[in-house]
Amino acid sequence: MPIKIHNKVLLVLLACAAWAAFFLPFLTVAPNRMMTPKGEPLQWAQLSGLASMPGGVVVLAVALLMMAPFFSNKRLSAIVVLFMVSLLMLVCGEVVIQQANGRISGLSTIRVSFGAGFWLLILILWLMAMEAVRFLTGRGIYQSLLPFMVLLPLIHLMLSAHSVNLSLYKEYMANRQAFDSALFEHLEVAGITVFLSLLIGLPVGVLAFRRMRLRILLLNVLNVIQTIPSIALFAFLLAPLAWLASRFPWLADMGIHGVGIAPAVIALTLYSLLPVVRATVVGLQNVPPSAVDAAWGMGMDSLQVLYRVRARLALPVIVSGIRVAAVQAIGLTTVAALIGAGGFGAIMFRGLSSSSVDLIMLGVLPVLALTMCVDAFFKLVLAQFEVGAS
């Protein structure tokens, strides 16, 4: 009887995970911060010496994960994948940290970092969890939380005392004050951007919904803005804002200059307007005509129909647009560091200039975490709309 594959995506991810585990370096070791690191493969023999679990449990977890694509019961397959992925993430982190601690052996100048194999394997395992959640339940709340719960054991291990010898932890301790400032600056720029995009985008979206000619012109202009590279848009704003600051001193007193937060917020707001305006227009257009007719029949005027009926029914679509704008703002704020806006982009560019991969990752990982958290938050909000609708 031929063996049937019930989840081909999971099987492909397993093949990619095996390639990353056996053929890519899991550690990079350098005598000091300035020298080029050399990659080392994962020492699988250390599985037998894990403090958290015996090696046989790890072998069993790998075997169950390899069999998951062949399970006919997709819910069972999803549960197995989620548990085994969480377990293997913890194992990978613990093995790599043990291997790193063994390499340091009392020499404080040695820099031991996670290699490409580790990061790629963690990414693939997380994609397996995302694939499994699709078959576990149809509710968005679980699709938002479960992939994060899979990462919790690994995050706990990374934040524990076992990881103090890793180069990433050393970079954090050496740049802790800069890290805290970058976090505040990144949230400040992204938060102001989202606020302004809502303040401008929602009324403009309503106006575009009511007037077709304006809608076509406005969406075309916003689409063109999306095609402009962010660095080019920053450059376009430097000269006008610098001239305004010199011409009107009170603008300079408010912090508006050719560089800094002002041009970054203006440019990012222009980028964020399209998803908000488009979602507002589409949401209002997709309101069922029967609901609008019922509102007219109840004696509502045009404004009451708009805000009491159309806006409420269009809210899930509008929230989806706000979700896109928020995620986009967090990502693009990284590039705004080039014009002095600060944020985690400043740490990343410092790492690039000094050829320090760990310093780059110190800027990349928080941006990734912020993006995932914001995306999960809006997924939870949208899931509540689905529960209320059902």
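The values are calculated or read from the model by the stated rules, or taken from the named source; none is laboratory data. Note that this is a predicted model, so its numbers are computed, not measured. When we count neighbours, we look across all protein chains shown, and the Cβ atoms used for this are built from the backbone with ideal geometry, even at glycine.
If I filter region 204-213 for residues that are among the aromatic types (F, W, Y), outside any helix (DSSP H, G or I) and in the same structural domain as A337 (by the TED database), do I get at least one hit? Scanning region 204-213 turns up no residue that is among the aromatic types (F, W, Y), outside any helix (DSSP H, G or I) and in the same structural domain as A337 (by the TED database).
Would you mind stating whether A262 is in contact with a helix residue (DSSP H, G or I) (Cβ under 9 Å, 6 or more places away or on another chain) and surrounded by fewer than 16 Cβ atoms within 10 Å (Cβ to Cβ)? No, not satisfied. For region 98-115, filtering for residues that are assigned to a strand (DSSP E or B) and at pLDDT below 75 leaves 0.
Every residue, every condition in (1) modelled with pLDDT of 75 or more; (2) surrounded by 16 or more Cβ atoms within 10 Å (Cβ to Cβ); (3) under 24 Å from V364 (Cα atoms); (4) of a type in the set (S, T, Y), yes or no:
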residue	(1), (2), (3), (4)
V85	yes, yes, yes, no
G117	yes, yes, yes, no
M128	yes, yes, yes, no
V133	yes, yes, no, no
I141	no, yes, no, no
L146	no, yes, yes, no
L151	yes, yes, yes, no
L157	no, yes, yes, no
L187	yes, no, yes, no
